[in-house]
Every structure is written in structure tokens, then in C-alpha cells.
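First up is the structure itself, then whatever we jot down about it.
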Amino acid sequence: MNGITESMNLCIVTVYNSINSGSFLQAFSLAQALMKMGHNVSFYERTGSQGCSNSLRKQVKRGLKLLLGNGLATAGRYCRSVRNFKKDLGYLKIIERGSEKLKGIDCFILGSDTIWNFADEYFFNNYEIYLGKRFFPGKIITYAASLADSTDTDYSKIPDLREIVSGWSAIGVRDENTKLLMEKVADINVNIVCDPVFLLSKNDYGLWIKDISEKKYIFLYLFEKLSDVQISELKFFANEKDLRIINGASPEKPEFCDEVIINSPFIFLSYIFHAAYVVTDTFHGTAFSIHFDKNFCVIDRGKKKVEDLLIRMNFTDRVVRKDGDIVPVVDSKLADRRDVIEKFRKSSLEYLKKALETEDAAI
């Protein structure tokens, strides 16, 4: 392929079918941004033990475990979430492994999300896919890929890493930690770009945001539990402000919550968009809180990718580092930093366009 074509056939290699709203939405948003540029976009088929591609047997096993441990209501919410996730996958065009259509791909895009977390057995066992070795000699670029908290030790397990990376046309990563490690093995420039959810404007998401009939509420999107002190603090704040507390990340309904949603990507998107306040400890809970101008706080779990996002977007004042800090942070006035977001979005779109246009790795 020489230079830019009017419409390219692109294949994204990422985690698109995990039972995780953030993972789906980063994949969906990247595809939407590329289609807005006029390209044809598909995803490389992801199979294995993680995600919506799980066998019926594994889904039943998970459902039974929740039924026995948490009761019928929780198991029912899990089953409905799986069904909703599978329905939302219909928005993505998937190319099956081994398909002849792969021969017509002009460029493979690795990312985004933590597809290079080689401390994780799944990604290590599939590194030839997520590092693009399987797609050589085709053109390969990366966009907003992350290694999470992987270290040099994890990467040393891949003996041909330098050789693989040297075959990429451009490298765009999501965080400083990933940039520093990749620069150790790459002989080309490593760019930091925004997560794909920022490539779309707030208005772009309007098509998929549903109306929420709830009165004002606090939306919890947490992968880990709050402490007893934090729960008491949150309950007092909700009572004082006449707010409901809605749990969004898991099918369990904590005793202190008024409601739990049937989680799926566009339901998550709708609840975070309409929330009065957001409390999260996740990367995409943080990203969408920033993007939708929410009063939010981030419970500090020591995640490098979350910390990097907050630093880069100038929102470190939204971090809760100890008990008793939720209310002072979440109820504080949100500073207007839209200019920071738009500048990052613009530079990231420029990287993506140049990376697709050129064979020169030094962009």
C-alpha cells in the first residue's frame, strides 16, 4: 500500500468482547472514529476463556456460582448482562480467524486497552496476536495500547519482542509507563495518545445514550469494595442530598445501594451520563466522568493507568486517598478543563491519520 487511500480496510486487534463496559466502549469508539474518517472497520475475532465468547458451559457455571453464593436476583442480573453484551456486539463487524477477508486488510491496528499485559496468562499465551506478529508482513500500527502494570521481567519472556516491534509502522500508547518500556525496545518514536473514548465528542455519544427515569443519583462504578467508613460517608451524603445510590459494575446489590443496573455498554454509558455524582476506581469510569463533565471522585487503588490519565487531563484533585475524603472530593466544584481534553483529542486524531497515511515509522 503506497500512501493514503480514500477508504482503507482496517482491522482492530483488541479486547472487544469482555464482560466489561469500558473494554467494549474503547473498541466501539475507535471503530466509530475511524469510520468517521471514511474507512471500513472490522475486528479480529477474539476467542478464548475470557469474555462473551465463553462457552455456554462456562456461562452456566458462573451463573450457578452466583445463584448459590448471592441468590436468584444476582444470578438473573448476570445472565441478563451477558445477553445484553452479546446484543451490543452486533454493532461490531468481526472477521473470523483464517478468513480470506484478512488478505484484503490494508492495516492492522493493535489496541487500545491493556492488550500487552503479559503478566496475564491469557495475553502472554496470545502475544503473537496482540503484538501483531501473526499479521506480518501486513502494515501494523498501534493505538492507545497499554501494558497495565507489567514490568521488564514480564516482557523478557518474549524473546523476539524487539524484532516484532521493529516491524510496526507507528506506535501510539495510552500511558507513560507503557511509553517508557516500549522505548527500551523500539527504535522509533513512541507517541502517547488518548483513549478512544475521547476521540468521539459528547454529542457523538448521544445516539446511544438512553433516558433515565431515576431522580438524582450517585453512580458507583467500582471493581473493588468500599471500606465501612466510606460506605457510611456515602450514605450520609446521599441522605443529606436526597440522592439514590446505584451500583453499576457488578450484578451484586450491596446493602447500602438502592438499585443495581443490568450492566451493558450503553446502559452504563446512559447511567454515567445522567448521574449527579460518580464514584469509581476504574479507568473507563474515570474517563467517561471526565468526558461527560461529571462531579466525580476516584478511589485510589494504585493503578498506574488511572493515575496517568488523571495527571494528563489535570484532574489529580479528584483522587480519594483515605477514608473520609469521598464527600469533600466528589462534592467539590469541577474545574473546566475542556481545553485540555480537546487538545489531547486533536493531537491523537492527527497521530492516527498520519500513522494510516505513511509507511514511515518516525511520526
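The values are calculated or read from the model by the stated rules, or taken from the named source; none is laboratory data. Keep in mind the model is a prediction, meaning the values are calculated, not measured. Here the Cβ is made from the backbone with ideal geometry for all residues, glycine too, and neighbour counts use every protein chain on show. Just the protein is used for accessible areas: all its heavy atoms, side chains included, with ligands, DNA and RNA removed. Shrake-Rupley method; radii C 1.70, N 1.55, O 1.52, S 1.80 Å.
Largest to smallest in accessible area, the residues 99, 29 fall in the order 99, 29 (1.4 Å probe, all protein chains included). Fully extending the segment from residue 40 to residue 92 would add 17.6 nm, taking 0.36 nm per residue of separation and subtracting the current Cα-Cα distance. Normalising the average separation of contacting C-alpha pairs (under 8 angstrom, six or more residues apart) by the number of residues puts the relative contact order of segment 130-267 at 17 percent. Packing around the peptides 266-273, 221-228, 106-113, taken as the average count of other Cβ atoms within 10 Å per residue, puts them in this order, highest first: 106-113, 266-273, 221-228. Relative to the longest principal axis of the Cα atoms of the chain, the long axis of helix 176-185 makes an angle of roughly 20 degrees. Using amide H atoms built in the peptide plane, which far-off residues or other-chain residues are under 5 Å from residue 217 H to H? Correct list: 244, 276, 277.
Its Cα centre serving as origin, segment 123-183 has a Cβ charge dipole (Lys and Arg +1, Asp and Glu -1) of approximately 300 debye. With an a/c value of 1.5 or above and a/b not larger than b/c for the gyration tensor axes a ≥ b ≥ c computed over the alpha-carbon atoms, segment 168-233 is described as oblate. Using a probe of 1.4 Å on the protein chains alone, the accessible area found for residue 92 is around 20 Å².
Extension gain, residue 241 to residue 157, is 25.0 nm, computed as 0.36 nm per intervening residue step minus the present C-alpha separation. For the chain, the longest principal axis of the alpha carbon atoms and the long axis of helix 228-241 meet at an angle near 70°. For the listed peptides 181-190, 281-290, a ranking on the average number of other beta carbons within 10 Å per residue, highest first, reads 281-290, 181-190. Quick check on my link table: of 87/202; 36/353; 87/210; 87/216; 101/139; 157/184, which ones sit more than 20 Å apart, alpha carbon to alpha carbon? In this structure, 87/202; 87/216 exceed 20 Å between Cα atoms.
Per residue, the chain exposes 45 Å² of solvent-accessible protein surface, assessed with a 1.4 angstrom probe and all protein chains in place. In the chain, the DSSP-assigned H stretches of four residues or longer account for a calculated mean residue ellipticity at 222 nm of -11500 deg cm²/dmol, using -39500 (n - 2.57) per stretch and the full residue count as denominator. Element breakdown for the chain at a 1.4 angstrom probe: carbon and sulfur atoms account for 49% of the accessible area. Solvent-accessible surface of protein heavy atoms, probed at 1.4 angstrom with all chains present, puts 65, 210, 294 in the order 65, 210, 294, largest first.
Rounded to the nearest 0.05, the FRET efficiency derived from the C-beta distance between residue 187 and residue 228 at R0 = 56 Å is 0.60. Among 39, 274, the order of accessible area from largest down is 274, 39, computed with a 1.4 Å probe on protein heavy atoms. Packing, as the average of other Cβ atoms within 10 Å across residues, places the peptides 251-262, 131-142, 325-336 in the order 131-142, 251-262, 325-336, highest first.
In the context of the full protein assembly, residue 209 retains an accessible surface of approximately 30 Å², using a probe radius of 1.4 Å and ignoring ligands and nucleic acids. For the set 86/133; 65/235; 235/294; 225/322; 303/354, the pairs lying more than 22 angstrom apart at their alpha carbons are 86/133; 65/235; 303/354.
Ordering 165, 199, 181 by the projection of their Cα atoms onto the charge dipole of segment 151-231, which places +1 on the Cβ of Lys and Arg and -1 on the Cβ of Asp and Glu, puts 199 at the extreme positive end.
Within segment 112-139, which residues have the backbone N less than 19 Å from the label spot 7 Å out from residue 103 along Cα→beta-carbon, could you tell me? Zone members listed by number: 134-139. In this Cβ point-charge picture (+1 for Lys and Arg, -1 for Asp and Glu), the chain has a dipole of about 1040 debye about its Cα centre.
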